[in-house]
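The numbers here are math on the coordinates, done by the rules we state, and not lab data. All values reported here derive from a predicted model rather than from experimental measurement. We place every Cβ from the backbone using ideal geometry, glycine too, and count neighbours over all the protein chains shown.
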């Protein structure tokens with residue numbers, strides 16, 4: 001086997017690939033997620049459905065990595081590791097659909113501007129982070145380029161409208177992948193705001209509305225990214241150097257809310273991809289937020305205080321694993337409107353993904369801003385459960401109490417690296433500094449936390465029994481420890497040495 005320094009660098013000269021495809025996709029964002037999710041799927045459609053589509057990647061910020069992408073001729077390796085049909089599977093593919101990368105902040109400006117004149121251009125995809133779909137009032141039409149992503153898109157669409165004289169057949173399909181609710185609607189709203197600000201006229205507004213399609217989308221794949229800790233081993237395995245290797249899990253789901261004719265233009269089904277084109281993505285988003293994200297948020301304080309550091313350790317643990325399974329099956333799924341069988345299949349997929357032996361998903365990486373996450377992901381299930389059953393969901397309430405203890409900032413006497421808004425951390429610091437270790441003290445602390453309308457959107461003390469039950473758990477966890485308390489709660493008490 002060759003030493004790594006003897007290996008050839010991956011590029012279009014050293015690796016036999018297909019001829020460059022017509023550039024039909026304009027992609028804003030060169031990060032790990034888009035390359036391991038969207039571009040990986042486009043590559044499969046080219047190889048298995050003869051889609052014949054190339055992707056031009058635009059760097060959305062002045063600092064980026066398209067130069068490195070161009071050094072490899074747009075080629076890079078995606079390694080998928082995880083559970084597939086109950087088995088641990090590792091496989092790799094070289095993605096060939098990316099034709100080039102452009103930096104509009106530098107010498108690539110003219111190429112970037114010329115993209116919009118391509119008659120074959122049809123799709124725009126993006127992932128500019130959750131903060132990327134935002135209005136910047138300082139953006140101007142004449143900027144080279146505009147600072148914000150919506151500003152860039154508005155300017156490009158206007159130039160396309162002008163170049164093709166308002167030809168309705170030259171509109172684009174825009175599919176943002178940023179992790180915000182109804183991302184397509186949000187992007188379109190800001191683009192229209194620029195149209196108004198820049199006084200681009202009624203004709204352009206009509207073309208924008210009628211010839212272009214803004215889709216909401218939901219994306220789902222865990223992408224750990226560049227495997228820096230084992231890159232030498234991986235490159236030796238592959239037999240070539242690749243500076244852009246990206247690792248992802250096996251599972252993928254892309255839900256696109258858009259017209260059904262998109263299935264003909266985006267032939268994902270012919271490539272065996274888990275892409276759903278639907279009239280309403282709300283049920284899919286709800287099940288992901290409540291089941292996958294909600295399970296992450298619920299297990300984080302419980303597992304960490306129990307002494308477990310990763311999601312895999314948590315779901316494989318007899319007690320904690322059973323706890324989270326019970327929470328999902330008995331307290332979350334019954335509150336959702338979709339068919340129970342369908343939701344249980346999705347939950348099976350989620351648990352299988354949590355078991356991924358290739359990924360060390362640390363619960364502390366999930367813990368960021370846990371208060372707002374609980375409000376969005378778990379509180380709706382709790383409220384719906386109470387409305388349906390006229391009683392509290394035991395496991396969800398225990399998770400809430402565990403979260404309060406977690407924000408006390410100690411595990412076995414060692415500090416926890418809490419990460420949240422300054423106001424949240426300050427409030428918890430003050431409340432816990434006054435806790436005296438008694439049940440009465442737990443009740444006082446819990447009532448004050450539950451009363452924070454700005455955190456929860458309501459006073460949670462008004463939910464019958466919640467304050468009392470939560471306080472009891474807080475008292476027991478702080479006095480007996482997480483292990484004994486959870487073991488008792490789940491009926492899994494075991495002798496301890």
Whole-percent pair-distance distribution, where bins are 5 Å wide, for the alpha carbons of region 372-497: 2, 10, 20, 24, 21, 14, 6, 2, 0
Along each principal axis, Cα extent of region 152-196, largest first, Å: 34, 22, 14
Scaled radius of gyration (Cα, divided by 2.2 N^0.38 Å) that region 4-280 gives: 1.01
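Set the Förster radius R0 to 30 Å, insert the Cβ-Cβ distance between residue 436 and residue 459 as r into 1/(1 + (r/R0)^6), and round the FRET efficiency to 0.05.
Details: r = 24 Å, r/R0 = 0.80.
In this case the efficiency is close to 0.80.
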Region 138-295, relative contact order [Cα under 8 Å, separation at least 6], %: 19
Helix 379-389 axis, angle to the chain major axis (alpha carbon atoms, nearest 10°): 60
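I need the Kirkwood Rh of region 306-387: take the reciprocal of the average 1/r across all distinct C-alpha pairs and report it in angstrom.
Every distinct Cα pair counted, the radius reaches 13.9 Å.
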Difference of contour (0.36 nm per residue) and Cα-Cα distance, residue 237 to residue 260: 4.0 nm
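Show me the ranking of peptides 52-59, 300-307, 338-345 by mean Cβ neighbours inside 10 Å, starting with the highest. Kindly include the intermediate steps, with their values, before the conclusion.
On the way: 52-59: 22.2, 300-307: 23.8, 338-345: 12.6.
By packing density, highest mean first, the sequence is 300-307, 52-59, 338-345.
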Mean projected area in nm² (Cα convex hull; one quarter of hull surface) for the chain: 26.8
Distance histogram in 5 Å bins (all Cα pairs of region 142-217, percent per bin): 3, 16, 28, 26, 19, 7, 1
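Compute the length gained on full extension between residue 423 and residue 143: take 0.36 nm times their separation in residues and subtract their Cα-Cα distance, giving the result in nm to one decimal.
On the way: separation 280, 0.36 × 280 = 100.80 nm, distance 3.76 nm.
Full-extension gain reported as 97.0 nm.
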Residue-span extension gain [residue 362 to residue 167] - 0.36 nm each, minus C-alpha spacing: 65.1 nm
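If you average the sequence gap of Cα pairs under 8 Å that are 6 or more apart and divide by the length of region 4-280, what percent do you get for the contact order? All intermediate terms of the calculation are to be shown ahead of the outcome.
Values: 529 pairs, mean separation 61.6, N = 277.
Computed value for region 4-280: 22 percent relative contact order.
May I ask you to derive the relative contact order of the chain, considering only C-alpha pairs under 8 Å and at least 6 residues apart, and to give it as an integer percent?
Values: 801 pairs, mean separation 63.1, N = 497.
Normalised by residue count, the contact order of the chain is 13 percent.
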222 nm mean residue ellipticity, helices alone, for the chain (DSSP H n ≥ 4; -39,500 (n - 2.57); rounded to 500): -12500 deg cm²/dmol
With Cα atoms, 0 to 90° folded angle of helix 422-433 axis to the chain main axis: 10
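What translational diffusion coefficient, to the nearest whole µm²/s, does region 385-445 have by Stokes-Einstein, given a Kirkwood radius computed over alpha-carbon pairs, a temperature of 37 °C and 0.692 mPa s viscosity? Spell out each step's value before the answer.
Working: Rh = 13.2 Å.
Here the translational diffusion coefficient equals 248 µm²/s.
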Values of log10 I(q)/I(0), in the order q = 0.12, 0.22 Å⁻¹, for region 61-161 under a Debye, Cα-only, solvent-free model: -0.55, -1.29
Rounded tilt (10° steps) of 38-49 against the dominant C-alpha axis of the chain: 60
Nitroxide proxy distance, nm - points 7 Å out along Cα→Cβ at residue 489 and residue 117: 6.4
Cα-derived Rg to Rh of region 137-288, Kirkwood definition: 1.06
Equivalent-ellipsoid semi-axes of region 283-490, from the Cα gyration tensor, Å, largest first: 25, 20, 16
Mean shadow area of region 18-85 over all directions, Cα convex hull, nm²: 5.5
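What's the FRET efficiency of residue 159 with residue 19 using the Cβ-Cβ distance as r and R₀ = 41 Å, to the nearest 0.05?
Values: r = 29 Å, r/R0 = 0.70.
E(calc), rounded to 0.05, equals 0.90.
Apply 1/(1 + (r/R0)^6) to the Cβ-Cβ distance of residue 93 and residue 180, taking R0 = 30 Å, and write down the FRET efficiency to the nearest 0.05.
That gives a FRET efficiency of 0.55.
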